[in-house]
Amino acid sequence: MHFIVPVFVVSTLTVIAFLLYRQRQDVKAIQTVTERHRGTSSERELVLQLLKLGFRNTAIFHDLYIRNRNGTYTQIDLVLATDAGILVFEVKEYSGWIFGTGTQRNWTQVMGYGRYKYRFYNPVLQNRKHVSDLQQQLPQFRDIPFYSIVVFYGNCQFRKVHDIPSDTFLVKWHEVANVINGIVTSGKSAPYKDKWEVARFLAAAARNGADHQIVEEHVMNVRKWKRKGRTSVV
């Protein structure tokens, strides 16, 4: 007795197999840059997005911990080294309405049509400090252009978000490609003195993120600072 498998079943199974294959390929691509457990899913999604834009895995650095002069660490979500300069990303994931300005200390997330409101530290100021801390690490960083890019994932809308500094890009995840293309196609070349030194430093900072002692020390310091109301240091 012969059984005829309906065409729609074959088509469905083919689509599922293809999607599973693509998912495995995406995971493999991400793992050329970072480990599966590092950072958030949104950060890893941004890593994949950069790879699909054509950037080499050796130019993408995820979950960096840089040691400051006072002995503490600054954690940076993602850095992309390009010929036009160094792009520093802060990745957020929020839903609801987002209110804030480029200068005020805290922003507000509003959900449930105004029933619930939550405050979080201004990501523009947060990433500005990340850029500043990074610029102090190598002498040549003083001459290389740095770009601060704050990326929001999730089902959120910017409401009355204004006065964002000209050196900062505040975007939703689907706008990242346009921002990066605008930077790297500007025709300006960054005056790197030693690209290998930059790559070695950023790679070492990313490896720090796999050091449990460094991560634990940073988490403890962040908790201390938050108790003192100094959330700007994270």
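Across the stretch 67-100, the qualifying residues are those that are of a type in the set (Ser, Thr, Tyr) and in contact with a strand residue (DSSP E or B) (Cβ under 6 Å, 6 or more places away or on another chain), and the one among them that is least open to solvent (accessible area, probe 1.4 Å) is THR74.
Just to check your reading of the model, which residue among VAL79, VAL33, VAL27 is within 18 Å of GLU175 (Cα to Cα) and of a type in the set (Val, Ile, Thr)? Lay out the reasoning, then the answer.
Details: VAL33 fails: within 18 Å of GLU175 (Cα to Cα); VAL27 fails: within 18 Å of GLU175 (Cα to Cα).
Checking each option against the conditions leaves just VAL79.
Applying the criterion of at least 2 residues that are out of contact with any Asp or Glu (no Cβ under 8 Å at 6 or more places or on another chain) to the strands (runs of 3 or more DSSP E) found wholly in the stretch 114-172 leaves 116-121, 156-162, 168-172. Here the stretch 162-185 is the region considered, the condition is being surrounded by 14 or more Cβ atoms within 10 Å (Cβ to Cβ) and β-branched (Val, Ile, Thr), and the residue that is farthest from ASN106 (Cα to Cα) is VAL184.
Restricting attention to the stretch 57-109, the residues that are free of Cβ contacts under 8 Å to residues at least 40 places away in the same chain and on the phi > 0 side of the Ramachandran plot total 1. Name every residue in the stretch 186-207 that is under 14 Å from ILE76 (Cβ atoms), open to solvent by 40 Å² or more (accessible area, probe 1.4 Å) and hydrophobic (A, V, I, L, M, F, W, C), in order of residue number. Matches in the stretch 186-207: PHE201 only.
In the stretch 186-214, the residues that are assigned to a helix (DSSP H, G or I) form no Cβ pair under 7 Å with any partner that is among the basic types (Lys, Arg) and exposed (fewer than 14 other Cβ atoms within 10 Å of the Cβ), whether six or more places apart or across chains. Scanning the stretch 27-51 for residues that are of a type in the set (Val, Ile, Thr) and either assigned to a helix (DSSP H, G or I) or surrounded by fewer than 20 Cβ atoms within 10 Å (Cβ to Cβ) (or both) yields VAL27, ILE30, THR32, THR40, VAL47. Of everything in the stretch 101-136 that is among the small types (Gly, Ala, Ser) and open to solvent by 30 Å² or more (accessible area, probe 1.4 Å), the residue that is nearest to the chain's Cα centre (by Cα) is SER132. Checking VAL222, VAL215, VAL161, VAL150 one by one, the residue that is touching a helix residue (DSSP H, G or I) at 6+ places or on another chain (Cβ under 6 Å) and more than 14 Å from GLY85 (Cβ to Cβ) is VAL150 and no other. Can SER11 be described as out of contact with any Cys (no Cβ under 8 Å at 6 or more places or on another chain), at pLDDT below 95, assigned to a helix (DSSP H, G or I) and among the polar types (S, T, N, Q)? Taking the combined requirement at face value, the residue satisfies it. Take PRO139 and decide whether it is surrounded by 12 or more Cβ atoms within 10 Å (Cβ to Cβ) and either of a type outside the set (Asp, Glu) or without any contact (Cβ under 8 Å) to a residue 24 or more places away in the chain (or both). Spelling it out, it is not the case that PRO139 is surrounded by 12 or more Cβ atoms within 10 Å (Cβ to Cβ) and either of a type outside the set (Asp, Glu) or without any contact (Cβ under 8 Å) to a residue 24 or more places away in the chain (or both).
The values are calculated or read from the model by the stated rules, or taken from the named source; none is laboratory data. The shown structure was predicted, so the numbers you read here are calculated from the model rather than taken from an experiment. No Cβ is skipped: glycine too gets one built from the backbone with ideal geometry, and neighbour counts run over all protein chains shown. These accessible areas exclude ligands, DNA and RNA; they are computed on the full protein's heavy atoms, side chains included. Shrake-Rupley method; radii C 1.70, N 1.55, O 1.52, S 1.80 Å.
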